[in-house]
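Colleague: Once you've had a glance at the structure underneath, I'll fire off some questions.
What follows draws every value from the coordinates through simple rules; no lab data is involved. This one's a predicted model, so the numbers in the text were calculated from it and none came from an experiment. Glycine also receives a Cβ, built like all others from the backbone with ideal geometry; neighbour counts cover every protein chain displayed.
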Amino acid sequence: MSRNMKSMNSIKRLLSGCVLLAAALCLGEVLEAQTGQARKSRAKSGKSGKSTRKGASTKAIDVKVQRFQESFVREAATLAKQYEEAGNLVKTRQMLELILKLSPEIKGVRAKIKQLDEEMLSANELEADVDSSLGWAQPVAAVFKGQPFRIQAVGDYRFVTSLSIGPAGFSVADTARDMAAGIRCGALIGVIVPAPEGGKKPKPGKPFLVGNGGTITPRETGLLFLKVNAPVGHKSTGRLRVRMTGSVRKP
């Protein structure tokens with residue numbers, strides 16, 4: 001019960017923080033609009049030769065805005081710490097990003113975000129084998145839109161084919177069967193297939209180079225498939241070993 005109460009309190013505080021941020025942004029827009037209108041009025045009066053009443057001082061308002069910013073930053077920092085202690089690094093990062101949007105000059109926030117990114121990219125280890133003789137066989141991981149993961153591939157295989165081809169080379173017409181266009185023949189490639197919606201067959205994303213590996217940020221949530229970039233009908237043999245960390249889950 002106490003856990004649920006703590007969770008509800010955290011959610012309420014997060015919503016409060018988001019409302020505060022929205023209010024700050026709206027306030028900034030209002031102040032900017034008022035400033036722009038005042039400038040236009042002064043310019044207009046200068047042209048007509050007529051004088052206008054001197055604008056009131058905004059020092060008191062500026063002090064209130066400063067206090068609001070400081071209060072929001074303190075609240076957001078507290079929420080970020082609570083999320084980190086709870087082990088939710090994704091939400092920790094989101095709170096730190098809110099702080100940067102309102103007060104980008106605060107020191108240490110960018111360094112903390114960088115540290116969190118490295119921690120997240122080193123977590124959730126998954127391993128899989130890629131059979132070079134197969135095409136897009138079974139998915140190796142579930143991945144998530146905008147959440148990066150790190151992948152490393154090792155090993156070698158024998159590329160074997162006796163196919164007859166013409167001057168145009170291997171076909172790249174069919175993503176599901178043929179080679180991926182613009183990627184070196186024989187390289188390890190990947191594709192993300194989103195979940196089906198409304199009973200419709202999902203459309204795979206565009207194949208991308210994996211090669212020896214690197215950091216990948218998916219453009220959609222779905223299942224990750226891997227294969228070697230080889231033409232249909234090849235007789236390659238051997239396996240590649242793949243290690244993944246970060247925002248990946250078992251498929």
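Colleague: Using the Karplus equation 6.51 cos²θ - 1.76 cosθ + 1.60 (θ = phi - 60°), what ³J(HN,Hα) coupling, rounded to whole Hz, does each residue of the range 184-191 give in order, writing x for Gly and Pro?
Modeller: 4, 4, x, 6, 6, 10, x, 8
Colleague: Take each of the peptides 205-213, 233-241, 61-69, 164-172, average the number of other beta-carbon atoms within 10 Å over its residues, and list them starting from the highest.
Modeller: Final packing ranking: 205-213, 233-241, 61-69, 164-172.
Colleague: Taking Rh as the Kirkwood radius computed over C-alpha pairs, what is the Stokes-Einstein D of the range 126-249 at 25 °C in a medium of viscosity 0.890 mPa s, expressed in µm² per second?
Modeller: 164
Colleague: Mind listing the long-range amide H neighbours of Glu220? Cut-off is under 5 Å, sequence gap 5 or more, other chains count too, H placed in the peptide plane at 1.01 Å from N.
Modeller: Result for Glu220 returns Gly146.
Colleague: Along the range 239-247, what does the Karplus equation 6.51 cos²θ - 1.76 cosθ + 1.60 (θ = phi - 60°) give for ³J(HN,Hα), rounded to whole Hz, x for Gly and Pro?
Modeller: Per-residue couplings from phi come out as 10, 10, 9, 10, 10, 10, 9, x, 7 Hz.
Colleague: Ok, one more. Pulled fully out, how much extra length does the chain show between Asp178 and Glu70, if you take 0.36 nm times their separation in residues and subtract their Cα-Cα distance? Don't skip to the answer; put the middle values down first.
Modeller: Working: separation 108, 0.36 × 108 = 38.88 nm, distance 5.72 nm.
Full extension of this stretch gives 33.2 nm more.
Colleague: Go ahead and collect, in residue order, the members of the range 64-92 whose backbone nitrogen is under 16 Å from a label point 7 Å along the Cα-Cβ direction of Glu125.
Modeller: none
Colleague: OK, next. Go through the range 109-181 and name the GluC sites (Glu not before Pro) that are in a DSSP coil and have 12 or fewer other Cβ atoms within 10 Å of their Cβ.
Modeller: Taking the range 109-181 and a limit of 12 other Cβ atoms within 10 Å, the loop GluC sites (Glu not before Pro) found are Glu125.
Colleague: Now, a different point. Give me the distance in nm between label points sitting 7 Å out from Cα along the Cα-to-Cβ direction at Arg219 and Ala86, one decimal.
Modeller: 3.3
Colleague: State the extension gain, in nm to one decimal, for the chain segment bounded by Lys206 and Arg110, taking 0.36 nm per residue of separation less the distance between their alpha-carbons.
Modeller: Here the segment from Lys206 to Arg110 would lengthen by 31.4 nm.
Colleague: I need the P(r) histogram for the range 50-204: all alpha carbon pairs, bin width 10 Å from 0 out to the longest distance, whole percents.
Modeller: 7, 22, 20, 18, 14, 9, 6, 3, 1
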